[in-house]
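Reading through the structure tokens given below for one structure.
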Amino acid sequence: MPTSVSERVQKRRAALRAAGLRPIQIWVPDTRRPGFAEECRRQAQAVAQADMADREMLGFLDAILLDTDGENEA
């Protein structure tokens with residue numbers, strides 16, 4: 001007789017636990033929600049404006065880029 005879905009799920013979860021994993025539940029933003037894209041744009045613009053206003057940070061990032069230039073070349 002074939003096993004039920006709940007039995008297969010229980011067996012799979014037991015195998016994952018035996019492998020040292022544990023189940024968790026996470027909540028993520030609903031990308032289908034009205035206004036989601038607009039809020040993403042708003043936040044991205046706010047970050048970009050803050051980055052452009054921070055000259056010290058821009059200099060730091062430029063220095064890092066110059067320091068790591070060519071490290072990933074074969």
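Here, each number is a calculation from the coordinates, and none is a lab measurement. Since we're looking at a predicted model, the values are computed, not measured. Because the Cβ atoms are built from the backbone with ideal geometry, glycine has one as well, and the counts that use them run over all protein chains shown.
A crude spin-label estimate for the pair Phe60 and Gln25, with each label 7 Å from Cα along the Cβ direction, gives 3.9 nm.
Order of Glu7, Glu56 from fewest to most other C-beta atoms within 10 Å?
Values: Glu7 10, Glu56 7.
Ordered by Cβ neighbours within 10 Å, fewest first: Glu56, Glu7.
The structure shown yields mean projected area of the Cα convex hull in nm², and of the options (i) 5.8; (ii) 4.2; (iii) 11.9 that calculated value carries the label (iii).
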